[in-house]
Every structure is written in C-alpha cells, then in structure tokens.
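Chemist: Structure below; questions to follow.
Just so it is clear, none of the values below were taken in a lab; they were calculated from the coordinates. Everything numeric here is computed off the predicted structure, so don't read it as measured data. Because the Cβ atoms are built from the backbone with ideal geometry, glycine has one as well, and the counts that use them run over all protein chains shown.
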C-alpha cells in the first residue's frame, strides 16, 4: 500500500505495488474457454473467451497492451443483469498471435469474425481504447454486427503524440529491436510504466503478470509491435477522420462516447473532436476517472453506459 494518499495519476514505486489487488474481483473464477475462430484476415485463430452473468449479452473488447482482464470490475455488477462476454483480441493476451497485417481494418474484421463465431452479431458492445476504435471501424464496415456501441476513451483521431510515434517508428534505426530490448528488460515494469489509472493504488503485481505474460514470448512482442506500428498508424487515423466526416454526423449504429476529463494516454480533446464529428452520438464526460474508467470508476461508467446499452 502507498505510504501516503496518492495524487491523481501518481504512480506507486514499482516495489510498493501489492501482489494482490486491494479491490477484489472474480475474473479468474469466471468461466473461461478457448475457441477456434475462422477469420478472413488471419485464418483460424484461437481466442480466449470469458463469460459471466445471465441475461442479454454484452460484448466487451479491451484495449492495446491489455486483455479481457481489464473488464474484471465490470463482470459482477454488469453480470447481475447481462451475460458479459469478453475476449482477448487476436494478437493479445491468451489468444493466438497470428502472422499477417495488423492494420486496423484487418483487426476490426477479425473482431467481427469472433463476434459472429460467438453467435453475438447485433449484441451491444463496450470497447475500451483500441477496442473502441476497432468496434467503430467494424460498425462502419458491418453495421449489423454491432447493436449499440459504447466507446470508452477510444483513440482514432490523429494527435501530435501519434504523429511523433509515426516519425519514431519510421526513422529510428532497427526500431523493432529497440522496442524488444525496452520491453525485455522487465516486462512487468514496462506494464507498470505504461498503464495509467486515476487511482494508481488499484495496480497489483497480479495485473502486471497478466499483461506482461504475452510479452515474455517472441510472438507476443511481435504482435505488440505490429499493433503499435500498423493498428495505431496515424496515417490510418487521418483517413478514418475523413470517413467519419463523410458520415455527415450520423454514425451507422447508436453510439455513446465516454471520455475522462483527464487522461495521460489519449487526450480528452480526442473525445471533443469525436463528438463534434458525430453530433448524433451521446457524449459523456467522467470526472475522477482515467482511460480505464471501467477499472478505477466502474460505478460512474456503468451509471452512464448501462441505460444506453439497454436503450433507455
């Protein structure tokens, strides 16, 4: 535990992070299975799927460098009224890390293939970060696949930070080897440094291990680099912004945009720009929350998202 109260987003020293979460959850007790999904971009892909609860289904899609574990604090409260289905994206977590292009449209299409294989086409979707970006692209390609969509701090629009990342990936010599070296120095410390919460005392070594596990293998780091280089390519985001503008303000499925007013990962200005491009979407701003509001403020997130998911 921290020796004093932490300021918002103030990271604990790595050595002070508790081994078990200070806030318990039931993620590892939830039914888990591995299914083989035929995908158009990657062929057959093994996917880890987590299920919890009863009632109408809600699909949860995690973000970059995380896994379905990021929804651990939604399983119980959302599962009281819904069947929560979360899965690790191709290239992430305990799912397979196939070779091939990880461009955002390819990964979005594969995400749709997973939803179809689960028999959940048309179910509402919660997408966090990269998961929200992919779900938006999926809904634009195949609106019948997504019923209603909650995007929690999704990226997708070009920012100075993303442009700088593109320059670094293009200009730094042997950049893939540099990234592999940085990650391999200590995969858990890499996770600790690059995942940010409003309340950093929620971090645990358990979380570090879960997110670091795929980074311990060459195929996991390769998939991580391809997502960083291809899925999050700012040039694709420039094109995506133009595609959103061409919609004339009306997204093809009911859309809720949820952004925290402070976030060191994706600037809140992205949410404001998204809302301006898509005035038909419902815009929700959260205080005392982060990029991962479903972790550090799940009550506030569900208070906003649940009525929308249910069409109320």
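Chemist: Picking from 160, 155, which residue would you name as being at negative phi and surrounded by fewer than 19 Cβ atoms within 10 Å (Cβ to Cβ)?
Modeler: 160
Chemist: If we scan region 52-73, do we find a residue that is out of contact with any helix residue (DSSP H, G or I) (no Cβ under 8 Å at 6 or more places or on another chain), farther than 29 Å from residue 264 by Cα and touching a residue at least 40 places away in the same chain (Cβ under 8 Å)?
Modeler: Taking every residue of region 52-73 in turn, at least one turns out to be out of contact with any helix residue (DSSP H, G or I) (no Cβ under 8 Å at 6 or more places or on another chain), farther than 29 Å from residue 264 by Cα and touching a residue at least 40 places away in the same chain (Cβ under 8 Å).
Chemist: Also, quick follow-up: What are the residues in region 108-127 that are more than 13 Å from the chain's Cα centre (by Cα) and under 17 Å from residue 38 (Cβ atoms), if any?
Modeler: Selection gives 109, 110, 112, 113, 114, 115, 116, 117, 118, 119, 120, 121.
Chemist: Checking residue 194 against (1) closer than 19 Å to residue 291 by Cα; (2) buried (at least 20 other Cβ atoms within 10 Å of the Cβ): exactly one of these is not met. Which one?
Modeler: (2)
Chemist: So, of the residues in region 107-130 that are assigned to a helix (DSSP H, G or I) and in contact with a helix residue (DSSP H, G or I) (Cβ under 8 Å, 6 or more places away or on another chain), which turns out to be farthest from residue 234 (Cα to Cα)?
Modeler: Only one residue fits best here, namely 116.
Chemist: Could I ask something else about it? From the residues in region 51-73 that are under 20 Å from residue 138 (Cβ atoms) and more than 14 Å from the chain's Cα centre (by Cα), which one is surrounded by the most Cβ atoms within 10 Å (Cβ to Cβ)?
Modeler: So the residue we want is 58.
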